[in-house]
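Presented below is the structure to which this report refers.
Computed from the coordinates by the stated procedures, all read-outs in this text should not be read as laboratory data. The structure presented is a predicted model; accordingly, all values stated were derived computationally and were not measured. Using ideal geometry, Cβ is built from the backbone for each residue, glycine included, and neighbour counts are taken over all protein chains shown.
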Amino acid sequence: MFQMYWSLGHQQQRNFIVRHVRKEEVKRRRVVSHKIGHRIRTTFLKFSLPFHSDTTFSVCKQFFLQTLDIRPRLVEYTLSNVVNGFAKSDGRCNVHAHNKTPASVVESVRTFIRSLPAVPSHYCRASTSRLYLPNSMQNLRRVYLTYKLQMEKPSADSAETNIPVASRNVFEHIFKNEFNIGFHCPKKENAASVNSLRIFQLRYTVTK
């Protein structure tokens, strides 16, 4: 389910949320004391996920968010911008951005991130598909500096030499929105993580 959702485009992801999260009215209310500033909830959200082709099954809010690895704010924003049963387009595809990052720069970032030694958590792989980087890669700033050094070093490939370095904002946006990678495994690194890091370091040293 996670992979299916993240394989969709931006607009399709929003429409998926609209289809599977419904706002319904509260039919029965408990009698409570009316305190100053207390707001009585008149609606609630009902979550579901697809099952087979044309059927769905109800799930709780936490299960829905964790399965798709999304935040409550995204759901709230999407549901507040619905037009004729579909998520409202943000119009980004219709506006020409003069400072748009070249496709070659974006792809260089994706290629670098895919080469990172990210592995599933040995202790949490049953509950999440999130990948984790080893402890030596302490934070996103450290990862970006590694990317920047790799892009600035001389390359035998003249095509790669002409590709500019992505800004830190662009790099972080791609890392956070297109990849499901975190820092530091919940417990000590497993053997797979250590081996992956050694291979990455060796490859980086050889290409220097």
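See the values below:
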read-out: Modelled FRET efficiency - R0 41 Å, E152 with L74, Cβ distances, 0.05 increments; value: 0.70
read-out: Over 28 Å between alpha carbons, listed pairs K61/K100; K100/K176; K153/K176; value: K61/K100
read-out: Paramagnetic reach from F183 in the range 139-153 [backbone N under 15 Å; point 7 Å along Cα→Cβ]; value: 139-147
read-out: Additional length obtainable on full extension of the chain from E25 to N81, 0.36 nm per residue less Cα span; value: 18.3 nm
